[in-house]
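Shown next, in structure tokens, is the structure this report addresses.
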Amino acid sequence: TYVVTDNCIRCKYTDCVEVCPVDCFYEGENMLVIHPDECIDCGVCEPECPAEAIKPDTEPGLESWIKLNGDYAKTWPNLTTRRDPLPEAKEFDGVTDKLKDHFS
Ligand code: SF4
Ligand code: F3S
């Protein structure tokens, strides 16, 4: 499966939802997550994210993101159409360690 990681936070460009063939993105206030049981591992969303926030879960060091995506995908609502990015998206793109300070 693929997972959404730190750089989505406070950017939320949503280009990813437009290309996902199974509509498995779920929306929180500041980021999206991927439902691990619904993702078919096609990989098309990965290059579409302007923030390069989507990674295959086979990459090392993603354990906390795998858990976060799985947990929030159960409670957040499904998002299937693109929205405008968050107003602060440019400012936050590339800021490191956003989970700690900017995830709410
Ligand atoms: Fe959707 Fe494919 Fe991305 Fe999984 S890898 S979230 S199925 S676009
Ligand atoms: Fe987030 Fe990238 Fe999608 S910033 S909303 S994972 S296009």
Pull up the range 74-94, narrow it to residues that are surrounded by 15 or more Cβ atoms within 10 Å (Cβ to Cβ) and of a type outside the set (Phe, Trp, Tyr), then point me to the one that is farthest from Gly28 (Cα to Cα). Asp93
Residue by residue through the range 37-75, note down the ones that are within 11 Å of ligand 2 (Cβ to nearest atom) and without any contact (Cβ under 8 Å) to a residue 60 or more places away in the chain. Cys45, Glu46, Pro47, Glu48, Cys49, Pro50, Ala51, Glu52, Ala53, Ile54, Lys55
May I ask you to verify whether Ile40 is assigned to a loop (DSSP other than H, G, I, E, B), farther than 22 Å from Lys90 by Cβ and of a type in the set (A, V, I, L, M, F, W, C)? yes
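For the range 14-31: of the residues being outside any helix (DSSP H, G or I) and more than 9 Å from the chain's Cα centre (by Cα), which is surrounded by the most Cβ atoms within 10 Å (Cβ to Cβ)? Quick ask: steps written out before the conclusion?
Step one: list which residues in the range 14-31 are outside any helix (DSSP H, G or I), which gives 14, 20-31.
Narrowing the set further to residues that are more than 9 Å from the chain's Cα centre (by Cα) leaves 20-24, 28-30.
On the way: Cys20: 20, Pro21: 9, Val22: 11, Asp23: 13, Cys24: 23, Gly28: 20, Glu29: 11, Asn30: 18.
Residue satisfying both the conditions and the ranking: Cys24.
Bear in mind that the values in this text are calculations on the coordinates, not laboratory data. Everything numeric here is computed off the predicted structure, so don't read it as measured data. FYI the Cβ positions are ideal-geometry reconstructions off the backbone, even for glycines, and counts take in every protein chain you see.
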